[in-house]
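The values are calculated or read from the model by the stated rules, or taken from the named source; none is laboratory data. Just so it is clear, the model here is predicted, and its values are computed rather than measured. Note: ideal-geometry Cβ built from the backbone for every residue, glycine included; neighbour counts use all protein chains shown. Protein only, heavy atoms only, side chains kept; ligands, DNA and RNA dropped before computing areas. Shrake-Rupley method; radii C 1.70, N 1.55, O 1.52, S 1.80 Å.
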Amino acid sequence: MTGGRVITPARALRGTVAVPGDKSLSHRSIMLAGLADTLVMVKNFLASADCLSTVACMRALGVSVNVRSNGEVAVRGKGLYGLSEPDNVLDAGNSGTTIRLLSGLLAGQPCFSVLTGDDSLRRRPMARIVTPLTQMGAKLVGRENSRYAPVAIEPAASLRGIRYDMPVASAQVKSAIMFASLYASSPTTVTEPYLSRDHTERMFAQFGVPVFREELSVTVNPVSSLQAPAVVDVPGDFSSAAFLLVAATIIPDSEVVLTNVGVNPTRTGLLDVLRDMGADIEVLSQRSSGEEPVADLRVRSAALRGVSVSSEMIPRLIDEIPVLAVAALFARGRTRIEGAEELRVKETDRLRAMACELARMGGDVTERRDGLIIEGTGKLHSAECLTYADHRVAMALTVAGMASEGVCLDDRGCVAISFPGFFEIMEGCRA
Ligand code: S3P
């Protein structure tokens, strides 16, 4: 194994870490601030490749976005009806959140736009947003009968409110509909099979949009303008913290404190599952940041046992399954993950990727149609592994390598999609 792509074993992890800002909240804050009439300062913005795709798209729509090196972003919005027609295709890069949420937002604009993305994004399903937005009266079409991007959006005469039962729990689909609902002539109600992350609901409330929630349904009333806060403070990303939570749990003799982490209950499924497995994680000083709960997390190494994770839990840990699979390899007994077929349409097919790559390291992982079965052997060997240019696969394999005999990755750069500085933080924690 050669060069800087090699991750070596870690003896123990120690330290206090502030993980970067939340990806989901960073996207939403720039979009909503771009629709506001007053200056909004976004603090602790995640300047990762995905969120910078959103910034570039909003700029192309006429919004002034000034990204400062201290993590603050000044956004001077154009108002709900003030965006201008982009003079080129909007490139969402690798970001599903950018393309899906902006499709909803642009469906209500009186201008023509085209959204596209990289090779991975152009293979991800788009019919799931085209169908409900079309029911609202939006005029959008995509490649291959609207299954894929590029997606072209024409001005619609008007949008109408709908009642929509989502076939899959997806915050991106829910949020696309919610953004379009801002421009509808009547309220819209979306119902999910299971509750996905509710950041859009919370941030709409922060921007003065009336949002009514009842169990698995959310209703949005159209508004004529947003009432924006002067500051949006983005908490640390729980999904980034997840890699340290698992690493410090399975690497013996570790103790790490993660400060200012978002602990919205629609995101913290991994915390509950790891605790069920026997992890030693304390939630300290829980407080609020805007509409979002935030806390510090202290994690110490612990012996784990296998668990079963099923459908209703999946939306609460959708992005954490690759690293949960790594934790499961270090647990005593079998772990079953079911109802996770959505992982097949992420940046890559994450069920296949994790099963293949952990097997190269000697892990006993069986791929199922909708999940994984993992036998906890506690032992992996070093191997050369592929990341499939998927940031979360790369970071999960890094944790596996640090907890065992090391790993060599074909591509480390992809972590910049959601967690720039990941390798530096992991190195800095080596005891
Ligand atoms: C996200 C929603 C999830 C998640 C993604 C971010 C969001 O996607 O996997 O990383 O910001 O709304 P789905 O809605 O497709 O499950």
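Any chance you could count how many residues in region 33-44 are over 14 Å from Gly290 (Cα atoms) and touching a strand residue (DSSP E or B) at 6+ places or on another chain (Cβ under 8 Å)? Give the derivation first.
Initially, region 33-44 is screened for residues over 14 Å from Gly290 (Cα atoms), giving 33-39.
So of that shortlist, the ones also touching a strand residue (DSSP E or B) at 6+ places or on another chain (Cβ under 8 Å) come out as 33-34, 36, 39.
Qualifying residue count for the region: 4.
Only one of (1) outside any helix (DSSP H, G or I); (2) open to solvent by less than 10 Å² (accessible area, probe 1.4 Å); (3) among the aliphatic types (A, V, I, L, M); (4) in contact with a Lys or Arg (Cβ under 6 Å, 6 or more places away or on another chain) is not met by Ala156, so which one is it?
(2)
Take the residues of region 340-361 that are surrounded by fewer than 18 Cβ atoms within 10 Å (Cβ to Cβ) and among the hydrophobic types (A, V, I, L, M, F, W, C): which is farthest from the ligand (Cβ to nearest atom)?
Ala359
As an exercise: evaluate Ile177 against (1) assigned to a helix (DSSP H, G or I); (2) within 16 Å of the ligand (Cβ to nearest atom); (3) at positive phi and give the number of the one condition it does not meet.
(3)
Could you identify the single residue in Ser48, Ser26 that is among the hydroxyl-bearing types (Ser, Thr, Tyr), in contact with a Phe, Trp or Tyr (Cβ under 6 Å, 6 or more places away or on another chain), modelled with pLDDT of 95 or more and within 16 Å of the ligand (Cβ to nearest atom)? Please lay out each step first, then the result.
Working: Ser48 fails: in contact with a Phe, Trp or Tyr (Cβ under 6 Å, 6 or more places away or on another chain).
Testing whether each residue is among the hydroxyl-bearing types (Ser, Thr, Tyr), in contact with a Phe, Trp or Tyr (Cβ under 6 Å, 6 or more places away or on another chain), modelled with pLDDT of 95 or more and within 16 Å of the ligand (Cβ to nearest atom) leaves just Ser26.
Which ones in region 333-376 are assigned to a loop (DSSP other than H, G, I, E, B) and over 27 Å from the mean Cα position of the chain (by Cα)? Walk me through it before giving the result.
Of region 333-376, the ones assigned to a loop (DSSP other than H, G, I, E, B) are 338-340, 346-349, 361-363, 369-370.
Gly362 - this is the single residue of region 333-376 that is assigned to a loop (DSSP other than H, G, I, E, B) and over 27 Å from the mean Cα position of the chain (by Cα).
Being open to solvent by 10 Å² or more (accessible area, probe 1.4 Å), in contact with a strand residue (DSSP E or B) (Cβ under 7 Å, 6 or more places away or on another chain) and not aromatic (Phe, Trp, Tyr) is true for just one of Asp364, Asp370. Which residue is that?
Working: Asp370 fails: in contact with a strand residue (DSSP E or B) (Cβ under 7 Å, 6 or more places away or on another chain).
Unique residue meeting the criteria: Asp364.
Name the residue, out of Arg143, Arg160, that is out of contact with any helix residue (DSSP H, G or I) (no Cβ under 7 Å at 6 or more places or on another chain), closer than 21 Å to Lys346 by Cβ and more than 16 Å from the ligand (Cβ to nearest atom).
One residue alone meets the criteria, Arg143.
Let's see how each residue does on (1) open to solvent by 20 Å² or more (accessible area, probe 1.4 Å); (2) within 20 Å of the chain's Cα centre (by Cα):
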position: Asp237; (1), (2): no, yes
position: Ala242; (1), (2): no, yes
position: Ser254; (1), (2): no, no
position: Asn264; (1), (2): no, yes
position: Ile281; (1), (2): no, no
position: Glu292; (1), (2): no, yes
position: Arg300; (1), (2): yes, no
position: Glu312; (1), (2): yes, yes
position: Pro315; (1), (2): no, yes
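Considering only region 190-232, state which residues are more than 12 Å from the ligand (Cβ to nearest atom), aromatic (Phe, Trp, Tyr) and open to solvent by 40 Å² or more (accessible area, probe 1.4 Å).
Scanning region 190-232 gives a single hit, Phe212.
I'd like to know if region 388-400 contains one or more residues that are buried (at least 23 other Cβ atoms within 10 Å of the Cβ), farther than 19 Å from Leu351 by Cβ and not β-branched (Val, Ile, Thr).
Within region 388-400, not a single residue is buried (at least 23 other Cβ atoms within 10 Å of the Cβ), farther than 19 Å from Leu351 by Cβ and not β-branched (Val, Ile, Thr).
Where residues in region 377-391 are outside any loop (DSSP other than H, G, I, E, B) and out of contact with any Ser or Thr (no Cβ under 7 Å at 6 or more places or on another chain), which of them is nearest to Met354 (Cα to Cα)?
At the first step, the residues of region 377-391 found to be outside any loop (DSSP other than H, G, I, E, B) are 384-385, 391.
Okay, now just the ones that are also out of contact with any Ser or Thr (no Cβ under 7 Å at 6 or more places or on another chain), so 384-385.
Working: Glu384: 13, Cys385: 10 Å.
Filtering region 377-391 for residues that are outside any loop (DSSP other than H, G, I, E, B) and out of contact with any Ser or Thr (no Cβ under 7 Å at 6 or more places or on another chain), the one nearest to Met354 (Cα to Cα) comes out as Cys385.
Kindly state which helices (runs of 4 or more DSSP H) lie completely within region 63-147 and contain at least 2 residues that are open to solvent by 60 Å² or more (accessible area, probe 1.4 Å). Write out each step before concluding.
Details: elements: 96-107, 127-135, 143-146.
Result: 127-135, 143-146.
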